[in-house]
Amino acid sequence: MFFSPLISKSDSVSAIMLKVLLALLPGIVLYVWYFGPAILVSITLASLTALGTEALMLKLRDRPIMPFLKDNSALLTAWLLALSIPPLAPWWMVVVGTAFAIAIAKHLYGGLGNNMFNPAMVGYAVLIISFPAQMTHWIAPHGMVISELTFPQQLDFIFHDVLPNSDTLDALTMATPLDTLKTHLHLDQPMRQILDMPIYGRFAGHGSEMVALGFLLGGLYLLASRIISWHIPAAFLGTLFVLAGIFHLVDPAHYAGPLFHWFAGASMLGAFFILTDPVSSPTTNNGRLIYAAGAGLLTYLIRVFGGFPDGVAFATLLMNICVPLIVLYTQPKVFGKKGSQP
Amino acid sequence: MPVGNDNMRKLYHFHGGIHPPSNKTQSTRATIARAPLPAKLVIPLHQHAGETAKPVARVGERVLKGQLIGMPDGIVSSAVHASTSGTITAIDMQLIAHPSGLPNLCATLIPDGEEEWVPRKAIDYRDHSPAGLQHLLRMAGVVGLGGAAFPSDLKLSLDRHKITTLVLNGAECEPYITCDDMLMRERAAEIVQGAEMLRFMLDAEEVLIGIEDNKPEAIASMRAAVAAGGHRRMEVIAVPTVYPGGGAKQLIRVLTGIEVAAGVRSTDKGVQCFNVATAYTVHRAFAHGEPLLSRIVTITGNVLHPRNYEVLIGTPIAELVALGGALPDTDSYIMGGPMMGFPLPSVQVPLVKATNCIIASSKKIFPPPPPVMPCIRCTRCADVCPADLQPQDLFWFAQSREFGRAQAFNLFDCIECGACSYVCPSHIPLVQYYRFAKSEIHAREHDKQLADKARVRHDYREQRIEREKQEKADKLAAREKAAQAARLAGAQPLTAQQQAEQAELETSRAHIRELAQSAVEHADEGTTK
Amino acid sequence: MLSALLVMSAIAAVLGAVLGFAAIKFHTEGNPLVDKIDDVLPQTQCGQCSYPGCKPYATAIAAGEADINRCPPGGEEGIRKLAELLGVEFKPFGEDAVPKAKSLAVIDESTCIGCTLCIQACPVDAIAGAAKQMHTVIASECTGCELCVAPCPVDCISMQVIGEKIANWKWKYPVYAMTATT
């Protein structure tokens, strides 16, 4: 016998996750457009690994397998991780990162709904700490480097670590716009000169800024369909904008402007897809503002003053730790206990 | 936050709410019909919040329509009457409409078809004191007909609070239910007069009648009745259709802006709220001298002829279902709406004062819930919660039986409206968890009270035993002293009286030794157990 | 040197006075821990813990002489509360102490000979009656401790489990299958 309410909105975890996956598509399409199809290989690889690991863990934990495999949450983790690491990363890195994310960061914490940290970001953190060199194999956008790998050659590299005879890895890949900026600023080059390099486009990295735009589009779709609330993206991007703006105004020669920070690195992906992960983010609206503002601050600090080129992943993980406390201190006032009334 | 409306009146907004499909039009196409007299009535003696009424009719007795068969017992209680004339054939435990599926005390009445009334006495309420009117309502068995069945007379007891606003609840926000809608369409004048009587008893300044704007006919009819009756400071207000806008707290908020927190009486804030059907019943009680014997009930859902019927209290639900013509694939019957109702343990249970709607349920209308997934903390539940709670946290605490924390997170502010469960993408029966946690907490508080009482009684007993021992010892000592004094006084032979005293002394000593021995034995018994 | 001594003595005197004052002002009667433990115990006074009542058991727990899992009427919930109060690990019931359904003592009035032995045994004075008169249990006061059962010379007292009624009915913990339907 079941009890009221007897009706429910036809919605499900699986449908929500599917919508998030769909929202990633514009960004992925642009990714392929500018950087070639290698990213699809790592997304596929990550997806298969995620589903396999998920099924294995569910089996080990003696949980029903099909409903959970169909909830699309493992796929989402896989996609986010694949989009965060270089497309030319060797296959075993994708597998290790994804398996770690699903097995350790998700299932050892109790599976769907119980993980304290964003699994994709845990996977990313493991990879960047363990394999820092491979994590810099970013493909250059079309027309940036002298020789480009064909798709079969890329596959060869991903799966067999084999490059065509004539090429060296350095000629084929390049650092990210954020990384390049950091390196050149260290060499005391003026900002204007650095940004004139071909790797930079309209606001940030050539090509990568368009991918970020794609993620922004998908994010707006998520906002419009009420999958996510405005609090996290607004507070994250707002904080990043204000911080970058202030530093840029004070010393434009050494600090990139707010738009650069918005469209470089994982800002957009983080603002709309990573920080908004409901499981590992706060449940109160005020808490979301604090959480995302904190992540924005940390991201900026890590990017500008820290040792890693991008800070979204570590900012997310650090703020994940604070979530229970943030939620505890941002409990909304309940009906009738709000004070001001007519 | 005011919202726009055509009432020229500032309305307020409450947090959250949902818009489920209303499914109301099916049952409003036909007018209210009178259900035929059933062959048997089973009248529960506990149809209201509070104490069960004390049966005052005898088995085998012929009772008249409107005759008292259950006397209010205790402060929170109400009267129960014979719904028609006939013979009481049993007063025993019978299955009733309760989610537990447990039986309760009921009177079985076989109607004689005469419909012979007890003498009825109509009164002019203006000639009576509010306290006198309250007693009349109590004895007329008038309870809130919105669903909670709280005795209405108690809601009219005012302790020094000035009531500014009387809110009449005609919102009827739950899907499927249309009994108030039809009552307002067809019997608006009586409702409005009932409201006037309630206003008199409360000494309230204004009357606000809130009706959701998906009931234009009811609004028009009520407005016409207010205008025709020349009622001053009484206003029919169309409120936005949003579930649970018909919750008393929510309606009071929308109409007056006042939020009544859990555990606070609305009268403390100068507002009181009654259901429109209750106002109608109050009018019947005063203007016609009729106790509450029938009510309007919607039969809808998986039936051929969804409609509203005026049904006698105690009518088996099966009779009503037959009138509606339940379709063959009907698998259960819901009392109340789909959001807050519950499945009846049997279709034979009697209709009670709180029965506003019966929905024939089938797999097609209410498909079994999809498999439950873990909570992903998406907070859709928090977005729709009309009490501004954090349902995902309450769920967590209830699930892990952390009742203290659930209470600290305002579990008892939950009105169990079900909006959270409605939107949950993981299909978690959230309200079910809250009901579980609430009744566990209540049970614990009850146990605690019992324990405290037992402790007091035990302490008292220990003290008493101690005192008795002391008294006995003192008495003994005094006697021994006296005896010694006597011995010292001279070695004369003991008189017969002295001998008797001596013997008595010996027996009391023996008794005390025995007592001491038994105490030791008792202790032994304890340790070896 | 002298001034230092004076200052130190003055400080000592002031602090001593404050402490002395506090000791009087905030003096608590009895042992607060025992009372707190006693508060958690169900007060059935049944002696199943091997102590002659709830208070003695509470005293023993406070003194560290007794385990926290000796009180079947308190249930596992009771152990959990004690564990939380004392900051120790939860300890399940041993095999000799198993919680039973809450019940009431009922006297078969036709068999009762009015010996008053049960009245003397009842720890909460829940049995009414006098010598040579029939006795009866005041149901609302009975804690279900069973202490009256053994002394009865004619075995006319039985323990009846309190069944589920509408008045004491509780909503159950939601149970559902989290299974694949496909």
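Quick note: the coordinates plus some simple rules give every number you see, no bench work behind them. Predicted model only: the values in this text are computed from it and were never measured. Positions of Cβ are generated from backbone atoms using ideal geometry, with glycine treated the same way; all protein chains shown enter the neighbour counts.
Under 24 Å Cα to Cα from residue B:353, which lysines show up? Leave out anything in the same chain fewer than 8 places away.
Excluding near neighbours in sequence, the set is B:24, B:40, B:54, B:65, B:121, B:155, B:215, B:249, C:165, C:170.
Which Cys residues of chain B have no other Cys beta carbon under 4.7 Å away?
B:106, B:173, B:179, B:273, B:357, B:375, B:378, B:385, B:414, B:417, B:424
Quick check for segment B:371-490: number of Lys pairs with alpha-carbon distance under 29 Å, counting only pairs 8 or more apart or on different chains?
So the count works out to 6.
How far apart, in nanometres, would the label points at residue A:338 and residue C:6 be if each is projected 7 angstrom from Cα along the Cα-to-Cβ direction?
Going by the 7 Å Cα→Cβ label model, 6.5 nm.
State, to one decimal in nm², a quarter of the convex hull surface area for the C-alpha atoms of segment B:371-490, i.e. the direction-averaged projected area.
Across all orientations, segment B:371-490 yields a mean hull projection of 10.6 nm².
Stretch residue A:133-residue A:44 to full length: gain in nm at 0.36 nm per residue minus the Cα-Cα span?
29.8 nm
Can you pull out the GluC sites (Glu not before Pro) in segment C:92-182 that DSSP calls coil and that have at most 12 other Cβ atoms within 10 Å?
Passing both the DSSP loop test and the Cβ count: C:95, C:109, C:164.
Which length gain, in nm to one decimal place, applies between residue B:116 and residue B:405 when the Cα-Cα distance is subtracted from 0.36 nm times their residue separation?
Taking 0.36 nm per residue and subtracting the Cα distance, the gain is 98.4 nm.
Quick one: angle between helix B:276-287 and the longest Cα principal axis of chain B, in degrees between 0 and 90, rounded to 10, please.
Between helix and principal axis, roughly 80 degrees.
For an R0 of 22 angstrom, estimate the FRET efficiency from the Cβ-Cβ distance between residue B:412 and residue C:173 and round to the nearest 0.05.
0.75
Name the shape class, rounded, prolate or oblate, that the alpha-carbon gyration tensor gives for segment C:101-165, where a ≥ b ≥ c are the square roots of its eigenvalues, rounded holds for a/c under 1.5, and otherwise prolate holds if a/b is larger than b/c and oblate otherwise.
Prolate, because a/c is 1.5 or more and a/b exceeds b/c.
So between residue C:125 and residue C:95, what do we pick up on full extension, going 0.36 nm a residue minus the alpha carbon distance?
Length gained between residue C:125 and residue C:95: 7.7 nm.
Classify chain C from the C-alpha gyration tensor, please: rounded if a/c falls under 1.5, else prolate or oblate depending on whether a/b exceeds b/c.
Since a/c reaches 1.5 but b/c is at least a/b, the shape of chain C is classed as oblate.
If each of residue A:217 and residue C:109 carries a label point 7 Å out from its Cα toward its Cβ, how far apart are those two points in nm?
8.7 nm
For a test of the definition: using alpha carbon positions, the gyration tensor, and the 1.5 limit on a/c, classify segment C:32-86 as rounded, prolate or oblate.
Since a/c stays below 1.5, the shape of segment C:32-86 is classed as rounded.
What percent do you get for the relative contact order of chain B when only Cα pairs under 8 Å and 6+ apart count?
16 percent
Can you figure out the FRET efficiency of residue B:483 with residue B:510, using R₀ = 22 Å and their beta-carbon distance, to the nearest 0.05?
Step by step, r from the Cβ atoms, then E = 0.85.
Calculate the spin-label point distance for residue C:80 paired with residue A:318, positioning each point 7 Å from the Cα along the beta-carbon direction, and give it in nanometres.
Going from the residue A:318 label point to the residue C:80 one covers 3.8 nm.
Ranked by Cβ crowding within 10 angstrom, fewest neighbours first, how are B:433, A:329 ordered?
By the 10 Å Cβ count, ascending: A:329, B:433.
Can you give the local net charge around residue C:173? Use residues other than it whose beta-carbon is closer than 12 angstrom to its beta-carbon, Lys and Arg +1, Asp and Glu -1.
+3
Which whole-Hz couplings ³J(HN,Hα) result when phi for each residue of segment C:145-162 is put into the Karplus expression 6.51 cos²θ - 1.76 cosθ + 1.60, θ = phi - 60°, listed in order with x for Gly and Pro?
For segment C:145-162, the Karplus curve yields 7, 6, 5, 7, 5, 5, x, 5, x, 10, 6, 9, 9, 10, 9, 10, 5, 6 Hz.
Can you put C:86, B:389 in order of Cβ neighbours within 10 angstrom, beginning with the fewest?
C:86, B:389
If you project the alpha carbons of segment A:177-327 onto the principal axes, what extent comes out on each, in Å, largest first?
44, 29, 23
Mind listing the long-range amide H neighbours of residue B:332? Cut-off is under 5 Å, sequence gap 5 or more, other chains count too, H placed in the peptide plane at 1.01 Å from N.
Placed amide hydrogens put B:361 under 5 Å from residue B:332.
Can you work out the Karplus-derived ³J(HN,Hα) for every residue in segment A:303-319? Use 6.51 cos²θ - 1.76 cosθ + 1.60 with θ = phi - 60°, whole Hz, and x for glycine or proline.
So the Karplus estimates, Gly and Pro as x, are 4, 8, 10, x, x, 9, x, 10, x, 4, 4, 5, 4, 4, 5, 5, 6 Hz.
If you fit an axis through the alpha-carbon atoms of helix C:75-86 and take the longest principal axis of the Cα set of chain C, what angle between them do you get, 0 to 90°, nearest 10?
0 degrees
For chain C, modelled as a GNM with alpha-carbon contacts under 10 angstrom, which of C:78, C:16, C:114 fluctuates the most?
Looking only at C:78, C:16, C:114, the biggest GNM fluctuation is shown by C:16.
Before anything else, pin down the relative contact order of chain A: Cα pairs under 8 Å, at least 6 apart, normalised by residue count, whole percent.
In percent, rounded to a whole number, it is 18.
Given a Förster radius of 45 Å and the C-beta distance between residue B:471 and residue C:21 as r, what FRET efficiency does 1/(1 + (r/R0)^6) yield to the nearest 0.05?
0.65
Per-residue counts of other Cβ atoms within 10 Å, averaged by peptide: what ranking do you get for B:169-182, A:38-51, highest first?
B:169-182, A:38-51
For segment A:184-204, list residues with backbone N below 19 Å from a point placed 7 Å from the Cα of residue A:251 toward its Cβ?
Backbone N within reach: A:184-195.
Of the candidates C:19, C:33, C:104, which one comes out as most mobile in a Gaussian network treatment of chain C with C-alpha springs shorter than 10 Å?
Evaluated over chain C, the most mobile residue of the options is C:19.
Using Cβ counts within 10 Å as a stand-in for footprinting exposure, how do A:173, A:150, B:256 rank, fewest first?
So the ranking, lowest neighbour count to highest, is A:150, A:173, B:256.
When chain A is treated as a GNM, springs tying every alpha-carbon pair under 10 Å, which of A:88, A:25, A:328 comes out with the largest mean-square fluctuation?
Between A:88, A:25, A:328, it is A:328 that shows the largest mean-square fluctuation.
Within segment B:372-409, whose backbone N sits under 15 Å from a point 7 Å along Cα→Cβ of residue A:226?
B:378-386
On a straight-distance basis, which aspartates and glutamates could pair with residue C:132 in a cross-link, Cα separation under 18 angstrom, same-chain partners fewer than 8 positions away excluded?
Qualifying aspartates and glutamates at Cα under 18 Å: C:108, C:109, C:155.
If you take the Cα atoms of segment A:155-215, find Rg, then find the Kirkwood Rh from the mean of 1/r over all pairs, what is Rg/Rh?
Expressed as Rg/Rh, it is 1.09.
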